[in-house]
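The values are calculated or read from the model by the stated rules, or taken from the named source; none is laboratory data. Values in this document were obtained by computation on a predicted structure and should not be read as measured data. Neighbour counts are summed over all protein chains in view; Cβ atoms, including those assigned to glycine, are modelled from backbone coordinates with ideal geometry. The accessibility values were calculated without ligands, DNA or RNA, using every heavy atom of the protein model including side chains. Shrake-Rupley method; radii C 1.70, N 1.55, O 1.52, S 1.80 Å.
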Amino acid sequence: MAVYVEGEGVRLRDVTLDDADLLDSWMTPEAKGSFNDFGVPRSPTDREALARGPQRNERNGELIVERIADGRPIGTVSWHLERYGPNEESGAWNVGIALIPEARGHGHGTEAQRLVADFLFATTSIHRVEASTDVDNVAEQRSLEKAGYVREGVLRGVQYRAGAWHDLVNYARLRDD
Ligand SMILES: CC(C)(COP(=O)(O)OP(=O)(O)OC[C@H]1O[C@@H](n2cnc3c(N)ncnc32)[C@H](O)[C@@H]1OP(=O)(O)O)[C@@H](O)C(=O)NCCC(=O)NCCS
């Protein structure tokens, strides 16, 4: 069944084949944001996979963030499974987000990150939805806090980007928070 999660300013919806060119155009460092720029070339959107159906399975997923006011796609939220133990209960969804530059700073990222956690809690049995971001990415930290994620701590030297090792801050929402 197609996903359509309606918020106040944005909705989340499935990625379709019609979005392929747009997704390709969002692969630049400017569109993804400097904190998502790992200097590795991204492969073009897999159109055959998109033609097969929604980009969601038991290990990962992706949805388009669409601005309700004008129906314009403004970015993506995605998630993948992280395992903290061999049993199913010890899995967590790790979510990520990127909005195009002109859509940032209007509360849309906050709403999208709240909606994606709500969606994952409602549609899967997972206990934990987490996100991490660079210690210098103040907008994302603030946005996660406003979206109900709780700051947990700093992972030191965990990400190599822009020629240096970076610390990340970890955030999470638990089902019973
Ligand atoms: C990070 C991102 C998802 C946040 O979404 P957004 O819609 O821009 O954020 P919001 O408007 O909901 O909220 C941002 C908050 O951060 C604050 N903020 C923004 N830039 C800031 C800065 N440089 N310093 C301090 N605070 C900042 C805003 O004031 C706002 O807080 P407030 O409501 O208390 O004023 C979005 O900016 C984005 O896609 N950025 C590029 C990609 C990225 O960094 N993704 C995360 C990688 S882990």
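Side notes on the structure shown:
- E89 meets each of the listed conditions (1) more than 15 Å from the ligand (Cβ to nearest atom); (2) in contact with a strand residue (DSSP E or B) (Cβ under 9 Å, 6 or more places away or on another chain) apart from (2).
- Restricting segment 122-177 to residues that are of a type in the set (F, W, Y) and surrounded by fewer than 18 Cβ atoms within 10 Å (Cβ to Cβ), the residue that is farthest from the chain's Cα centre (by Cα): W165
- Lone qualifier among A31, A2 - being open to solvent by less than 60 Å² (accessible area, probe 1.4 Å) and out of contact with any helix residue (DSSP H, G or I) (no Cβ under 6 Å at 6 or more places or on another chain): A31
- Residue that is most open to solvent (accessible area, probe 1.4 Å) [pool: residues in segment 82-98 that are in contact with a helix residue (DSSP H, G or I) (Cβ under 7 Å, 6 or more places away or on another chain) and closer than 22 Å to W26 by Cα]: I97
- Count - residues of segment 99-111 that are within 6 Å of the ligand (Cβ to nearest atom) and either polar (S, T, N, Q) or buried (at least 20 other Cβ atoms within 10 Å of the Cβ) (or both): 4
- Segment 1-75 holds strands (runs of 3 or more DSSP E) entirely within its bounds, and those carrying 3 or more residues that are touching a residue at least 40 places away in the same chain (Cβ under 8 Å) map to 10-14, 60-67.
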